[in-house]
Structure formats: structure tokens, C-alpha cells
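**Q** Here it is: the structure, laid out below.
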Amino acid sequence: MTNPNLTAFLEKNHFVQGDKRLKYIRETELGPLELWFQPLKRTKYAGEIRYQEFVGCRVTLAMKLNVPTRFMVGDSNAISNWLANYVNKKRGRELIKLKDPRSLLSAWVASKAWSENILQDVEVQEALTTLFHTDDKIRRQQSLSLDPLQLTYAYRMKTVDLEALEALIPPYLLVAEKVKQAEEPQEKLSLTSTENYVLKHPYRIAIMILLGLMLLLVVPFIIIGLFVFFK
């Protein structure tokens, strides 16, 4: 990611180095805008040789807005399945179909009237058509979510397209502005205990995830060993 093209992109869009590697900050009228590149790798094996293969990059735009509610916008087919339906309905959220020009997006919302007022806004609808791709597979890798802490746009790119990324920043900021300008919803929500724990102990969570992945790799070998032993 350290290349002349990225440097030119960051300078052109007024981003400076943040507190972590591949994380950058841009000051805006709404507050600091964070841009984060997270390379995605997959461990593969060639005999006894283990190596990592680059499989893409998660690009994230985030801004702290401190609005006490939630919504999550995504591809209609991707966010409406039995598991998502069960979890969201159990948490009191409703699924609404957005009236975007392509009718491809839906949103899980905690405050229906408040969220519809923003997400059905004509300017926001136009912004969403830019933030979400027309291709089904690509659109499934994109999401726009609001929680009581921040507004986050995530895009899992196979290869980082800086020209495409540059086009996503203005519509993201427009949505952030609309959220910031809206009055607070009647239903006030806060961060969950899990979210608070993640914020306070990010390194513990990273270690737990790593241990979980290691366990997933080890369990099949344990099962095979037990099967062979007791055979």
C-alpha cells in the first residue's frame, strides 16, 4: 500500500497518517473522517510449506457522529436471510425496503420513522446508488451502518481501486451530513456491553479471534486422531 499512487491519493484528498498503519485521517466540517485499509490474507499450504495469499482488502470509511440509534444498509438478498432475520427481529429491528432507483437495497433499522426520513431522502438515495455497486457480487461486499458511536462504510475490494474509492467519499460525507442534521430519534439506544468491551480491549479481542482460528484448524486433526486411536 505504500506506493506513489496512494501517496498522491492521500494528498489530493487531504488525508494524513493516523494512529495505526494504513489508517488515515481527514479533517472535515463534520469532524475527523477515518480511512482504513485492512489487507485480507488466507493461509495456504504447499506440502509442508505454509504461505499467505493476498485475497483482497477491506476499505473502511468511518466518522464519529454519536447518534443514539442504528441502521444497516446492504444488498437486499445479503442482509435478509434466516439468521439475520432472527437476530435483528430479536433485537427489535425492522427490515425496510429502500426506494432507491434500482430497488436493490434494504436496511435493518432500530428507529423506523427516523431512518426512513434519512434513507428515503432524494439526495441520500442518489448517494446510495454511488456507494453500492450494480453488480450483485460486488454489492454484497459493501455495507453502510450507523451505530450510537459512528457511521461506517465498508467495501471489500479484490484490488484497491483508488479512483473508485475517491468517488465514494463525497456520497459518504453527504449521508453523514444528513444524519448529523437530523433530530435525535425518539427511541434512544446505546452501545451494547459487547461493543463497549471491544472498544476498551481491542487487543484481547484480536487474541481471542486468533485463538479461535487456531482452534478451528486443530479440531479436525484431533477428531481424526481420536478416530484412528479408537478404531
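**Q** Using square roots of five times the C-alpha gyration tensor eigenvalues, list the equivalent-ellipsoid semi-axes of the stretch 5-71 in whole Å, biggest first.
**A** Details: eigenvalues 206, 61, 14 Å².
So the three semi-axes of the stretch 5-71 are 32, 17, 8 Å.
**Q** Which of the aspartates and glutamates could a cross-linker span from LYS180 if the Cα-Cα distance has to be under 17 Å and same-chain partners fewer than 8 positions apart are dropped?
**A** GLU27, GLU29, GLU34, GLU116, ASP121, GLU123, ASP147
**Q** Same structure again: In what sequence, largest accessible area first, do ARG140, ARG58, ARG21 appear using a 1.4 Å probe? Provide the component values of the computation, followed by the final result.
**A** On the way: ARG140 120, ARG58 90, ARG21 180 Å².
Ranking ARG140, ARG58, ARG21 by accessible area, largest first, yields ARG21, ARG140, ARG58.
**Q** What's the Kirkwood radius of the stretch 4-188 in Å, using all Cα pairs?
**A** After inverting the mean inverse Cα-Cα distance, the result is 17.6 Å.
**Q** Leaving out same-chain residues fewer than 8 places away, which lysines sit with a Cα under 24 Å from that of LYS90?
**A** LYS112, LYS188
**Q** Using a simple spin-label model with points 7 Å from Cα along the Cα→Cβ vector, what separation in nm is obtained for ALA113 and GLN186?
**A** Each label point lies 7 Å from its Cα, and together they span 0.4 nm.
**Q** Between ASP19 and THR43, what is the spin-label point distance in nm, taking each point 7 Å from the Cα along the Cα→C-beta axis?
**A** A separation of 3.0 nm, rounded to one decimal place.
**Q** May I ask you to give the solvent-accessible area per residue for the stretch 4-188, in square angstrom, as obtained with a 1.4 angstrom probe? Write out the running numbers ahead of the final one.
**A** Working: 10480 Å² over 185 residues.
Using a 1.4 Å probe on heavy atoms only, each residue of the stretch 4-188 averages 57 Å².
**Q** Given a Förster distance of 30 Å, report the FRET efficiency between ALA78 and VAL55 from their Cβ-Cβ distance, rounded to the nearest 0.05.
**A** Efficiency for this residue pair is about 0.95.
**Q** Let me ask you something else. Please label the shape of the stretch 76-149 as rounded, prolate or oblate, based on the square roots a ≥ b ≥ c of the eigenvalues of the alpha-carbon gyration tensor (a/c under 1.5 means rounded; beyond that, a/b larger than b/c means prolate, else oblate).
**A** Oblate.
**Q** Then there is this: Order TYR24, TYR51 by their accessible area, 1.4 angstrom probe, all chains in place, largest first.
**A** The most accessible residue leads, giving TYR51, TYR24.
The values are calculated or read from the model by the stated rules, or taken from the named source; none is laboratory data. Remember, predicted model here, so these are calculated numbers, not experimental data. Here Cβ is always computed from backbone atoms with ideal geometry, including for glycine, and neighbour counts include all displayed protein chains. Keep in mind that these areas ignore ligands, DNA and RNA; they rest on the heavy atoms of the full protein, side chains included. Shrake-Rupley method; radii C 1.70, N 1.55, O 1.52, S 1.80 Å.
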